[in-house]
Amino acid sequence: MASSFNLVIGSAKFIFAPIERCLNCKRNFDENMKILQKLLKELNTVKEVIELRLSAEIHGGTMQTEEVKNWLHDVQRIKTEIEIIEHKTKEKKFLSRAFLGKTVEEKVFELKAFLRKGKAFLGMVKSFKYIIVGGGVAAGYAAREFDRQGLKPGQLAIISKESVAPYERPTLSKGYLNPNPKAAARLPEFHVCVGSGGDRLLPDWYKEKGIQLILGTEIVKVNLALKTLVSAAGEIFKFQTLIIATGSTVIRLTDFKVEGADAKNIFYLRELEDADKLVESIKMKKHGKAVIIGGGYIGLEVAAAMRINDFDVTMVYPDPWCMPRLFTPTIAAFYESYYENKGIKIIKGTVSVGFNANANGEVKGVKLKDGRVLEADIVVVGVGARPLTALFKGQLEEDRGGIKTDGFFKTSMPGVYAVGDVASFPIKLYNETRRVEHVDHARKSAEHAVKAIKANETGKELEEYDYLPYFYSRIFELSWQFYGDNVGESLFFRDNNPLSPKPKFGSYWIKDGKVVGAFLEGGTPEENKAIAKVSRLNPPVENLDQLKKEGLSFASKF
């Protein structure tokens with residue numbers, strides 16, 4: 001009896017065993033397919049990053065090998081094989097899952113091996129919650145604001161092509177060129193955020209806060225969809241939130257193939273390295289001849305610095321007066337006369353078309369379009385700058401030559417912000433989009449973007465950026481400030497005699513019967529605050545003659 005029962009049980013097991021195995025295979029298949037899909041998604045990401053890095057290594061590098069190329073080929077093969085499995089599964093659901101189970105299990109092992117190999121090719125990918133690309137003024141002020149907002153160690157990295165921590169860039173054309181070694185500005189004296197009266201953020205500050213300064217590193221490839229940056233050395237950086245603070249690069253005469261523009265001792269001033277080279281040349285060419293090409297910010301400030309260094313200085317620019325984007329002819333006339341009284345020669349209405357060099361390749365002459373040739377031991381070129389946006393072309397919406405943002409500096413890509421020179425942002429005061437190249441905006445936009453990032457994370461409300469345009473300069477014993485907009489009719493007040501011991505004068509701009517901008521030379525801190533306030537309030541003007549008569553006292557009433 002017992003043996004008969006055992007025989008029945010044994011027969012049942014024999015009959016149902018294949019069915020049980022099929023059921024187990026189905027369960028294993030379902031689990032393995034989930035694992036397979038997850039691994040395939042991860043493999044695709046690794047593949048895309050490897051392809052991104054390969055494309056960045058233009059001149060060959062650590063990943064330009066047959067092994068990597070074979071790996072990419074095999075990844076494509078296994079993706080095709082998995083697609084076939086998925087197709088077969090849909091044809092005969094139960095049986096295919098039962099009989100394809102072993103194949104899927106093998107593919108899981110194969111994918112894991114491919115992933116290990118792909119990650120080995122990549123090396124260690126550095127990941128951060130926040131990355132700031134660009135290490136200028138904006139980066140330093142953004143870092144300080146992140147710290148104020150409760151940044152955790154290890155969350156933030158600043159990637160900079162320069163080899164030093166963020167510093168106040170305007171110093172390069174001002175105090176850095178001072179001929180007095182004791183008075184000349186040198187790092188660490190002008191690290192951010194001293195330009196706005198804040199504490200100096202030395203490299204140790206970033207270390208103490210757990211902020212990684214990744215210096216001497218140029219980003220050459222960006223894939224915003226993958227949230228990936230690739231350096232010239234092939235390093236991979238992953239981010240959750242990116243702040244683009246790449247700033248501007250100088251326009252070079254070599255870009256226009258100007259004859260001889262690659263001669264030695266032709267300088268541009270944008271980075272610390274540029275300033276160091278210029279200072280060294282000033283020492284070597286003492287009491288020599290300097291030609292300054294350009295009549296804007298850099299031209300005016302460097303011309304003054306070279307004269308203070310006892311150089312014979314000539315300025316050349318094509319415009320009818322200096323700083324034409326901001327100065328009126330009346331304002332410009334004062335500064336041009338002042339410069340001429342300081343011994344600086346000014347040649348307007350022409351441009352440089354070439355340079356002569358000596359046997360050592362050093363510049364010796366500047367050829368002008370009008371036929372003149374100016375002797376030169378040093379040439380400094382300041383003909384403008386371009387925002388550094390090329391890395392993001394086709395990935396972000398652009399406007400007015402920059403990256404378009406909203407009032408919180410959000411770009412068209414979620415999790416990506418743009419600040420400073422590269423940002424084209426809405427100016428609430430004028431209800432229009434603009435791009436502003438000035439240190440004041442670089443500082444304030446960086447801080448506002450960080451506040452917006454943190455507000456977005458916490459669900460807090462934040463007002464849109466409400467910027468009042470502001471520009472300033474300090475040259476010789478002079479110091480001017482401008483606020484607002486220089487549109488409409490300009491109205492000059494006070495005395496602009498360049499021989500005055502302490503010149504003080506200004507100008508208002510009136511549009512639609514309201515003051516929209518104000519300029520003041522030689523103002524006190526209180527007076528400068530007054531013109532800033534009146535430029536924001538836009539008070540009505542009933543009588544222009546009365547406004548001219550009141551002059552600065554008009555602004556002081558508000």
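With the crude spin-label approximation of a point 7 Å out along Cα→Cβ, what separation in nm comes out for residue 341 versus residue 369? Going from the residue 341 label point to the residue 369 one covers 3.1 nm.
Rg over Rh for segment 477-556 works out to 0.95, using Cα positions for both radii and the Kirkwood form for Rh. The C-alpha atoms of the chain define a longest principal axis, and helix 272-284 lies at about 40 degrees to it. The distance between label points at residue 256 and residue 187 comes to 3.2 nm (points 7 Å beyond Cα on the Cα→Cβ vector).
The trypsin sites (Lys or Arg not before Pro) of segment 449-558 meeting both criteria, a DSSP state outside H, G, I, E and B (loop) and at most 13 other C-beta atoms within 10 angstrom of the site's C-beta, are 460, 557.
Work out how much length residue 550 to residue 499 would gain on full extension: take 0.36 nm times their residue separation and subtract the Cα-Cα distance, in nm to one decimal. Don't jump to the answer; show the numbers that get you there.
Working: separation 51, 0.36 × 51 = 18.36 nm, distance 2.34 nm.
Extending this stretch completely gives an extra 16.0 nm.
Could you work out [θ]222 nm for the chain from helices alone, using -39500 (n - 2.57) per DSSP H run of at least four and dividing by all its residues? Round to the nearest 500 deg cm²/dmol. Don't skip to the answer; put the middle values down first.
Numbers: 13 runs with 211 residues, N = 558.
It comes out at -12500 deg cm²/dmol, rounded to the nearest 500.
The antiparallel fraction among DSSP beta bridges confined to the chain stands at about 60%.
The 3J(HN,Hα) values that the Karplus relation (6.51, -1.76, 1.60; θ = phi - 60°) gives for segment 142-150 are, in residue order, 5, 4, 4, 5, 4, 5, 4, 8, x Hz. Gly and Pro appear as x. If you look at the Cα atoms of segment 360-404, you get an Rg and a Dmax of 18.4, 47 Å.
Amide H to amide H distances under 5 Å link residue 271 with no residue, where only residues 5 or more positions off or on other chains count and H is placed in the peptide plane.
For segment 418-432, putting each phi into the Karplus relation 6.51 cos²θ - 1.76 cosθ + 1.60 with θ = phi - 60° gives couplings of 10, 9, x, 4, 7, 8, 9, 10, x, 8, 4, 4, 10, 6, 8 Hz, in residue order, rounded to whole numbers and with x for Gly and Pro. Straight-line cross-link partners of residue 221 among the aspartates and glutamates, defined as a Cα under 17 Å from its Cα and at least 8 positions apart when in the same chain: 48, 51, 57, 235. Near the amide H of residue 354, within less than 5 Å, lie the amide hydrogens of 367, all on another chain or at least 5 residues away, with H placed in the peptide plane.
Which whole number of Å³ per residue matches the convex hull of the alpha-carbon atoms in segment 141-278?
Numbers: hull volume 19.8 nm³, N = 138.
Cα-based convex hull of segment 141-278, divided per residue, equals 143 Å³.
Among the GluC sites (Glu not before Pro) within segment 122-205, those in coil by DSSP and having at most 14 neighbouring Cβ atoms inside 10 Å are 189.
Taking the 0 to 90 degree range and rounding to the nearest ten, how far is the long axis of helix 66-91 tilted relative to the main principal axis of the chain, both from C-alpha atoms? It works out to around 50 degrees.
Solvent-free Debye calculation, one equal scatterer per alpha-carbon of segment 418-527: log10 I(q)/I(0) at 0.21, 0.22 Å⁻¹ equals -1.15, -1.20. Dipole of the chain computed with +1 at Lys/Arg Cβ and -1 at Asp/Glu Cβ about the Cα centre; of 339, 396, 492, farthest Cα towards the positive end is 396. A straight Cα-to-Cα reach below 18 Å connects residue 549 with the aspartates and glutamates 489, 495, 521, 527, residues fewer than 8 places away in its own chain not being considered. Hydrodynamic estimate: the Kirkwood radius of the chain over Cα pairs, inserted into Stokes-Einstein at 25 °C and 0.890 mPa s, corresponds to D of 88 µm²/s. In order along segment 175-192, the Karplus-derived 3J(HN,Hα) couplings, from 6.51 cos²θ - 1.76 cosθ + 1.60 at θ = phi - 60°, round to x, 5, 8, 4, x, 7, x, 6, 9, 5, 6, 9, 5, x, 4, 10, 5, 4 Hz, and Gly and Pro are given as x.
With respect to the chain, whose longest principal axis is taken over its alpha-carbon atoms, helix 525-537 is tilted by about 60°.
Once you divide the Cα radius of gyration of segment 321-379 by 2.2 N^0.38 Å, the number left is 1.38.
For segment 216-314, GluC sites (Glu not before Pro) meeting the loop criterion (DSSP other than H, G, I, E, B) and having at most 15 other Cβ atoms within 10 Å: 218.
If you count only protein heavy atoms with a 1.4 Å probe, what accessible area per residue comes out for the chain, rounded to a whole Å²? If you can, show how the numbers build up before the last one.
Details: 27520 Å² over 558 residues.
Here the residues of the chain average 49 Å² of exposed surface.
Ignoring ligands, DNA and RNA, what percent of the 1.4 Å accessible area of segment 255-382 is carbon and sulfur? Don't jump to the answer; show the numbers that get you there.
Numbers: 2840 of 5690 Å².
C and S atoms contribute 50 percent here.
Given +1 at the Cβ of Lys and Arg, -1 at the Cβ of Asp and Glu and no other charges, the dipole of the chain around its Cα centre is 1560 debye to the nearest 20. In plain terms, the chain from residue 462 to residue 287 could stretch by 57.5 nm, reckoned as 0.36 nm per residue minus the Cα-Cα distance. Sorted into 10 angstrom bins from 0, the C-alpha pair distances of segment 397-446 split as 31, 60, 10 percent. In this structure, the amide hydrogen of residue 517, modeled 1.01 Å from its nitrogen in the peptide plane, lies closer than 5 angstrom to those of 485, 509, counting only residues at least 5 positions away or on a different chain.
The values are calculated or read from the model by the stated rules, or taken from the named source; none is laboratory data. As the structure is a computational prediction, the values presented were derived from the model and not from experiment. Positions of Cβ are generated from backbone atoms using ideal geometry, with glycine treated the same way; all protein chains shown enter the neighbour counts. Protein only, heavy atoms only, side chains kept; ligands, DNA and RNA dropped before computing areas. Shrake-Rupley method; radii C 1.70, N 1.55, O 1.52, S 1.80 Å.
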